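Since the structure comes first, as C-alpha cells, the remarks are kept for the end.
The values are calculated or read from the model by the stated rules, or taken from the named source; none is laboratory data. In this text the structure is predicted, and so the values were computed from the model without any measurement. Here the Cβ positions follow ideal geometry from the backbone for every residue, glycine too, while neighbour counts run over all protein chains shown.
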C-alpha cells in the first residue's frame, strides 16, 4: 500500500477515534453507534500502524544512531500510539490497573496525547496521494481489505472480551447500596454538608424563587436507574428522593423556560432540557441507604440515560433558564480547584 495512503489513513483513523471517544462521553442511549465506530477504527489502526512501522524501521534505526530529534518524536509517537491501542484492547479483555485510574481512563488520555503529537509530526510530512495512486485498483483493494480485516477483528474481540455495556463500562456494585465506586469528574471534594442546615433553592425562570428546608420536601419518589461512569464502570440501583417534576410544579416555570440546571455546593453544574428534567430524581437514598458523602449526600441528581458526570452531586440549587448555560462546560472542569 502506498506510503501516503497509509499516512492519511492513520491521520483519519486517529481523528475519528478521538472524535467518537470524546462524543461518547456525553452519548445518549441512541448514540451507541459511536462506540461501534470507535472500536472498529481502533482495531483497524493496529493494521495501518504495523504497516507504517514496518516501512520506516530502517529509517528509525538510522535516526537513533544519528540521535535525530525528528526520529525521537517519531519514537514518542509510536510509544503513545501503541500504548493507546494496547490499553484499549486490554480493557476489552478484562485487564485492570490497581489504584483509582481504570485502563479505560488511561486509554483516553493516551488517545488525546497521540493525536496532538501526530498532528505535529505529520504537519510537514503529509502529502496528498497522487491521482494515479488513488485510481490504482490494487491500492483501493488493499485499503478496503485492511479496513474489512479490522472490522472483522473488532467483532471477534467484542465477542471474546469480558461483559461490558456498549459504552465499554463494566458492572460494579449494582444493588449494593453505597458500595459502588466513588469518583469525581475533576477535583470536586467538598467537606460533608450538614443535613440539619442544608437547604435547596429553586431560582431563575420561575414565577417565584423559593428556598426549601429538608422538612419542606417529600422524599418519597422512587426510580430504578443505571449510572454509567465515563471512567469505565456502571452500576444499577433503586433510588429514592425528590421528584424534580413535582418540585418544578411548586415554583411554576415561566413561559419560555427550557433548561433546568442542577448546581452543586462546589459550583459544579449541569443542565437538562425541561421535559427530561421533569422525569429525573433528586436522590437522597440508594437501595434503602442514605447516600454517603462520596456519593453526594444529602442530595444528588439521578438522570437516567445520562453519563455519570452529569449526575450532579451535593445539590443545593436548581436553576431554570430560557437558554442553556454553556459556561457549565467550564464549571465542571474547575469547580473543585
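Below is a table of values for the structure above.
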{"read-out": "Cβ pairs under 9 Å, 6+ apart, first in the stretch 121-138 and assigned by TED's automatic domain parsing to the domain that holds residue 72 and exposed (fewer than 13 other Cβ atoms within 10 Å of the Cβ), second part of a loop (DSSP other than H, G, I, E, B) and modelled with pLDDT under 70", "value": "none"}
{"read-out": "Filter result for residue 83 (closer than 21 Å to residue 157 by Cβ, assigned by TED's automatic domain parsing to the domain that holds residue 152, within 20 Å of the chain's Cα centre (by Cα) and not in a loop (DSSP other than H, G, I, E, B))", "value": "yes"}
{"read-out": "Subset of the stretch 291-309 (residues that are closer than 15 Å to residue 198 by Cα and outside any loop (DSSP other than H, G, I, E, B))", "value": "293, 300"}
{"read-out": "Single residue of the stretch 220-233 satisfying the filter (in contact with a helix residue (DSSP H, G or I) (Cβ under 8 Å, 6 or more places away or on another chain) and in a strand (DSSP E or B)) that is surrounded by the fewest Cβ atoms within 10 Å (Cβ to Cβ)", "value": "221"}
{"read-out": "Yes/no for residue 248 being under 23 Å from residue 329 (Cα atoms) and crowded, with 16+ Cβ neighbours inside 10 Å", "value": "no"}
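Rundown of residues vs (1) under 21 Å from residue 226 (Cβ atoms); (2) outside the structural domain of residue 212 (by TED's automatic domain parsing); (3) out of contact with any strand residue (DSSP E or B) (no Cβ under 8 Å at 6 or more places or on another chain), yes/no style:
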residue: 272; (1), (2), (3): yes, no, no
residue: 276; (1), (2), (3): yes, no, yes
residue: 283; (1), (2), (3): yes, no, no
residue: 289; (1), (2), (3): yes, no, yes
residue: 292; (1), (2), (3): yes, no, yes
residue: 299; (1), (2), (3): yes, no, no
residue: 317; (1), (2), (3): no, no, no
